[in-house]
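Contents: one structure, followed by commentary.
The values are calculated or read from the model by the stated rules, or taken from the named source; none is laboratory data. Everything numeric in this text was worked out from a predicted model, so none of it was measured. Note that each Cβ is placed from the backbone with ideal geometry, even for glycine, and that neighbours are counted across all protein chains shown. Keep in mind that these areas ignore ligands, DNA and RNA; they rest on the heavy atoms of the full protein, side chains included. Shrake-Rupley method; radii C 1.70, N 1.55, O 1.52, S 1.80 Å.
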Amino acid sequence: MCGIVGYTGHQPAKEIIIDGLRKLEYRGYDSAGIALLEGDHVVVRKKKGKIANLEKAIAGEKFYATTGIGHTRWATHGAPTDGNAHPHISQDGKIAVVHNGIIENYMELKEKLEKEHGITFRSETDTEVIAQILGVLHQEKKSLQECVYEASKVMKGAYTFAAICEDEPDRIVAFRKDTPLIAGIGDGCNFLASDVTPLLKYLDEIYLIDNGEMIVCTPDRIEIFDEDGKPVHKDSLHVNWSVEDAQKGGYQHFMLKEINEQPKAVSETLGRRLDDGNHVHLDGISLTKEDLANINKIDIVACGTAYHAGLIGKYLIEKFAGIPVEVDVASEYRYRDPLVDEHTLFIAVSQSGETLDTLMSLREAKSKGARVLSIVNVVGSSVARESDDVFYTWAGPEIAVASTKAYTTQLICMYLLALYIGRLNDHITEEYSQKVIAELKQLPDKIQDVLDHSSSVESMAKLLYNRQQVFYIGRGLDASVAYEGSLKLKEISYINSFAIAAGELKHGTIALIEPETTVIAIATQDFLYPKMYSNIEEIRARHAHIISLVKKGHEDIRKISTDVLEIPDCMDEVAPVLAIVPLQLFSYYMARERGENIDKPRNLAKSVTVE
Ligand code: AGP
């Protein structure tokens, strides 16, 4: 979603800011703009559509500014137009603002500004309210820092914003409320941004800005102030992602690169949490036997793909640890007044750690006394910072909007956590735990085996890419894999697709099966195999195109399937980590055959920082 970049230093700011915006493109956006402190004037340029449109529009202009802010906008209030794009400026044109979030009381503020200060609004956005408030305060001879501080007190909602003012050269003032903001410590220059990716090539030390904090950046210092305006001293954080991690590395798309990185990512996640004796250790997470005895239920809350990882987490924790688990999508959980108390362990799952609904659910559970553990990829993200304990996935940066390696590493965290809890409360034996761990350790090689056979998935996609609808069915753990497989396909190929527990087919959905329908039947669970076999027979009787996804060795399935996809033999419990890989590849190749924008699908954002 919206991305903010700011630079103040001694180099031409325009190039650095535009390059930074490009790095934030993966978050999703529909317009882009920059504001530069050019001499003693604020210059704003903004354009609907891609950053390339903005670059084209300013190609003939020469800018000397060494301080500026930039923005990629994902439209919420007002259509994606040049006028609604950020930055927005104050009525007198002296102050420019970029914003990420939604100002909930903007109508009330707008009316007040119109009536009491004669402001004429130029856009349909909530953001313009910030620029106008700052402008009004500035006319009262207040400094930009004072204006930002005062403005932050009258707004409600999520409002992380950055501002520059033509009366204060070489200075950016920013405020954080509910959407991410970091400050990057450069050499003779400083940065701010929505996440670390635009900064990787310039620096490796950052400050994580907390909610309610304001930062003042000049080329030689970054000052941070708390909600009361008092200076804050905080330690910087070392960033260990490299520039290469966030580049395509020869792959046509980030998604394909990230699918192929899964053996390495899974191995990294396992390596961080297994000791030499193959025991799970949760260094940095304090979960003792006594803590566990105090917990009588676990709530797993997340959105999209992370929610699907939660569904598998429920199965694993209930099986390995015998503790009841509820899984909920965050946008529902936060408004349903969940039954939570100090005996609840709340697990938030999030790649970005910035998904607003997940963050708000976390706060809801915490306010009711729950202990909060999060499974997060982005180090220092909001979800991570507000949790009592963090189980990092260590997947490295995930740039493609469609989540792949973050999902498989979230699953690995679920296995390790469930095993750890299961041994702590003696629900499983050491022998069983060792057996599962031995299987987990084989996963990187087995995922590689699936990847090595990707050409068969590619050929399948070449035949099927113009299909109108694809169903995914499965039972037990495979039902959760089906949900994730289906989400992957629809988000990048735009094919109408949905997933259903195979046993539910007969209760309505089978009415939709016709010869043109493609059904992907996932049947990796040995004890449910006969049941899946019968479901596939029922679909076959309706002449659908059936792709069965099974472990190697199930030759009988060929008799009743149009095509078969295989994964290496494994314990049923770990099969989801393998089964999802051919489904990710299938979605990727289907979208590629259809010529879609795979890494940045329409209407979607990588980091959903608004409701
Ligand atoms: C997955 O492919 C998605 N694009 C999306 O469902 C994502 O998983 C969801 O928005 C949650 O994001 P998070 O993990 O960063 O919280």
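The figures follow:
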| quantity | calculated |
| --- | --- |
| Pair list, Cβ < 6 Å and 6+ apart or interchain, from the range 182-194 residues that are assigned to a strand (DSSP E or B) to residues that are surrounded by fewer than 22 Cβ atoms within 10 Å (Cβ to Cβ) and of a type in the set (D, E, K, R) | Ile185/Glu205 |
| Single condition Val154 does not satisfy, out of (1) surrounded by fewer than 16 Cβ atoms within 10 Å (Cβ to Cβ); (2) under 21 Å from the mean Cα position of the chain (by Cα) | (2) |
| Elements of type helices (runs of 4 or more DSSP H) in the range 212-306, at least 2 residues being within 18 Å of the chain's Cα centre (by Cα) and within 16 Å of the ligand (Cβ to nearest atom) | 254-260, 262-273 |
| Restricting the range 480-521 to residues that are free of Cβ contacts under 8 Å to residues at least 24 places away in the same chain and in contact with a strand residue (DSSP E or B) (Cβ under 7 Å, 6 or more places away or on another chain), the residue that is least open to solvent (accessible area, probe 1.4 Å) | Ser486 |
| Any chance Tyr159 is surrounded by fewer than 24 Cβ atoms within 10 Å (Cβ to Cβ), assigned by TED's automatic domain parsing to the domain that holds His86 and of a type in the set (Ser, Thr, Tyr) | no |
| Residue satisfying all of: in the range 404-435; of a type in the set (S, T, N, Q) and farther than 28 Å from Phe254 by Cβ; least open to solvent (accessible area, probe 1.4 Å) among these | Ser433 |
| Lys490 being assigned to a helix (DSSP H, G or I) and assigned by TED's automatic domain parsing to the domain that holds Lys551 | yes |
| All positions within the range 410-467 that are part of a loop (DSSP other than H, G, I, E, B) and out of contact with any Lys or Arg (no Cβ under 9 Å at 6 or more places or on another chain) | Asp426, His453, Arg467 |
| Qualifying residue in the range 71-79 (condition: assigned by TED's automatic domain parsing to the domain that holds Ile16, farther than 22 Å from Leu604 by Cα and out of contact with any strand residue (DSSP E or B) (no Cβ under 7 Å at 6 or more places or on another chain)) | no |
| Subset of the range 342-376 that is in contact with a Cys (Cβ under 7 Å, 6 or more places away or on another chain) and open to solvent by 10 Å² or more (accessible area, probe 1.4 Å) - its residue that is nearest to the ligand (Cβ to nearest atom) | Thr355 |
| Lone qualifier among Val379, Val401 - being within 13 Å of the ligand (Cβ to nearest atom), β-branched (Val, Ile, Thr), open to solvent by 10 Å² or more (accessible area, probe 1.4 Å) and assigned to a loop (DSSP other than H, G, I, E, B) | Val401 |
| Test: residue in the range 544-556 that is assigned to a helix (DSSP H, G or I), in the same structural domain as Glu458 (by TED's automatic domain parsing) and in contact (Cβ under 8 Å) with a residue 60 or more places away in the chain | no |
| Scope the range 1-58; condition within 30 Å of Ser403 (Cβ to Cβ), in a helix (DSSP H, G or I) and open to solvent by 60 Å² or more (accessible area, probe 1.4 Å); matching residues | Arg22, Lys23, Asn53, Glu55 |
| Exclusive hit being in a strand (DSSP E or B) and touching a Phe, Trp or Tyr at 6+ places or on another chain (Cβ under 9 Å), set Ser480, Ser497 | Ser497 |
| Qualifying residue in the range 356-367 (condition: at positive phi and either outside the structural domain of Leu237 (by TED's automatic domain parsing) or outside any strand (DSSP E or B) (or both)) | no |
| Test: residue in the range 120-133 that is buried (at least 24 other Cβ atoms within 10 Å of the Cβ), over 23 Å from Ala75 (Cα atoms) and without any contact (Cβ under 8 Å) to a residue 60 or more places away in the chain | no |
| The range 397-424 residues that are in contact (Cβ under 8 Å) with a residue 12 or more places away in the chain, paired with ones that are basic (Lys, Arg) and away from the ligand (no atom under 12 Å from the Cβ) (beta carbon under 6 Å, 6 or more apart) | Leu416/Arg273; Leu424/Lys289 |
| Answer residue from the range 530-564, given it is touching a Lys or Arg at 6+ places or on another chain (Cβ under 9 Å) and among the hydroxyl-bearing types (Ser, Thr, Tyr) and is least open to solvent (accessible area, probe 1.4 Å) among those | Ser548 |
| Hey, Ile580 more than 16 Å from the ligand (Cβ to nearest atom) and either surrounded by fewer than 18 Cβ atoms within 10 Å (Cβ to Cβ) or assigned to a helix (DSSP H, G or I) (or both) or not | no |
| Any pair with Cβ under 6 angstrom, 6 or more apart, that starts in the range 589-608 at a residue that is open to solvent by less than 10 Å² (accessible area, probe 1.4 Å) and ends at one that is modelled with pLDDT of 90 or more and assigned to a loop (DSSP other than H, G, I, E, B) | Met590/Tyr465; Ala591/Ile598; Ile598/His253; Pro601/Val401; Ser607/Ser352; Ser607/Glu354 |
